[in-house]
1. Out of all DSSP beta bridges in region 274-371, what portion is antiparallel? Express it as a percent rounded to 5.
2. With every protein chain present, what is the per residue accessible area of the chain (1.4 Å probe, Å²)?
3. With a 10 Å cut-off between alpha carbons and a GNM built on the chain, which of A361, A179, A151 moves the most?
4. Give me the dipole magnitude in Debye, nearest 20, for the chain about the Cα centre, with unit charges on the beta carbon: positive for Lys and Arg, negative for Asp and Glu.
5. At q = 0.16, 0.18, 0.24 Å⁻¹, what is the base-10 log of I(q)/I(0) for region 199-287 according to the Debye formula with one equal point scatterer per Cα and no solvent? Please give it to two decimals.
6. Mind checking region 284-335 for GluC sites (Glu not before Pro) that DSSP puts in a loop (not H, G, I, E or B) and that have at most 14 other Cβ atoms within 10 Å?
7. Between D167 and I371, what is the FRET efficiency for a Förster distance of 51 Å, r being their Cβ-Cβ separation, to the nearest 0.05?
8. From the square roots a ≥ b ≥ c of the eigenvalues of the alpha-carbon gyration tensor of region 217-373, which class results: rounded (a/c under 1.5), prolate (a/b over b/c), or oblate?
Amino acid sequence: MTTEGADIRGDVLESILSHVPLIHILPASHVSKSWNHAVFSSLRYFSCPKPWLFLQCQNSRPPYASSSSFAYDPRSNHWLRIHNKNPSLQYASAIRSSSNSTLLYMLSPSKFSFSFDPFHLTWHHVDPPLVWRTDPVVALVGRHVIVAGGACDFEDDPLSVEIYDLDARRWDACDAMPAILKDSAASAWLSVASSSKTLYIMEQVSGVTYSFDPTSRIWSGPLDLRHDENIFFSVIGIFGDNLVLVGLLGDSENVKDVKVWEVKGKSFEILEEIGIMPKELVEKLKGEDASINSIKISCTGDFIYIYNPREPEELVMCEIGGEGVCRWGSLKNPAVSDWSRVAEKMVLTSADVGLGDLGKAAESGKVRFSICE
């Protein structure tokens, strides 16, 4: 470091650091005590870290190797390529993500593997659930991993629910999913959101919603979140302490609007509209196809990332401000060339990422980063 560079300090240094990508701020925090103070002051007062979006492409057929991983940092507006060097990770099956969380998992007849730290440095490998499932709902609620529905046809109960306790390190069976969900008890038909205490599941087409408390093992509902009869498809996420509903209005051939509501009240009786996607972003979401049959989202903090699984070239970002005002934008998907190859799939997660998380990732030696051009 030159003498002139070392003399940069105070508000000037903090302002400069506010424009530096988070991955480059990490080494700057080790220059000196004054630089370390400037780094954390800049992150606190000038340019706070924002939730990252993570994309991972993987072969959907054996040997299920991961082909590429990316992360988007909205603070710096940069895509990063993540180079994974984790020799202990064995892809025994197709990797999947749990909506609105950091959870990634793989389920095979012999093993259930899952990871929930932001960069997925640590994977947990345990025995599979007792009931074999092909497309279950999987969610992390507090210190519990819930696996529900999605059972094979030869199983006795397609609505069965099992919970893996992270502290006791064991599976427990509990009451089955509500019977009304018998024909839709799979992740393909249900939208899932989870807080630290509660799991929420909603039929994407009907809007019928239930909640589940893994501590009391009690299901509650049904509730109808469709307060607008024009909604034909919807998904849910977590915004602060409340549910958020993202709905497609009109029909699949003529999507008139994409709206965001915050769901409030003990019985979810209040839907407060907080945003409407700009028309030009709705068109980007459609891609080359003129229709939208479904959307998927990933939520963390004040950010909602929305994409069309059939046309994933563009991702739409919604940042919900303190006054409940949405700031919209779109992102070119750097993984789309990988995703579009034959027999490949793409999964999304999102997570709060700070300098501590980047430090752990760097020290682990399991990942390295490069900024996408």
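1. Counting DSSP beta bridges with both partners in region 274-371, the antiparallel share is about 100 percent.
2. For the chain, the per-residue accessible area is 46 Å².
3. A179
4. Computed about the Cα centre, the dipole is about 1120 debye.
5. Ignoring solvent entirely, the Cα scatterers give -0.65, -0.79, -1.24.
6. E288, E323
7. 0.85
8. oblate
The values are calculated or read from the model by the stated rules, or taken from the named source; none is laboratory data. Since the model is a prediction, treat every value here as computed from it, not as a measurement. In this analysis, Cβ positions are derived from the backbone assuming ideal geometry, glycine residues included, and neighbour counts consider all displayed protein chains. These area figures cover heavy atoms from the full protein model, side chains too; ligands, DNA and RNA do not enter into them. Shrake-Rupley method; radii C 1.70, N 1.55, O 1.52, S 1.80 Å.
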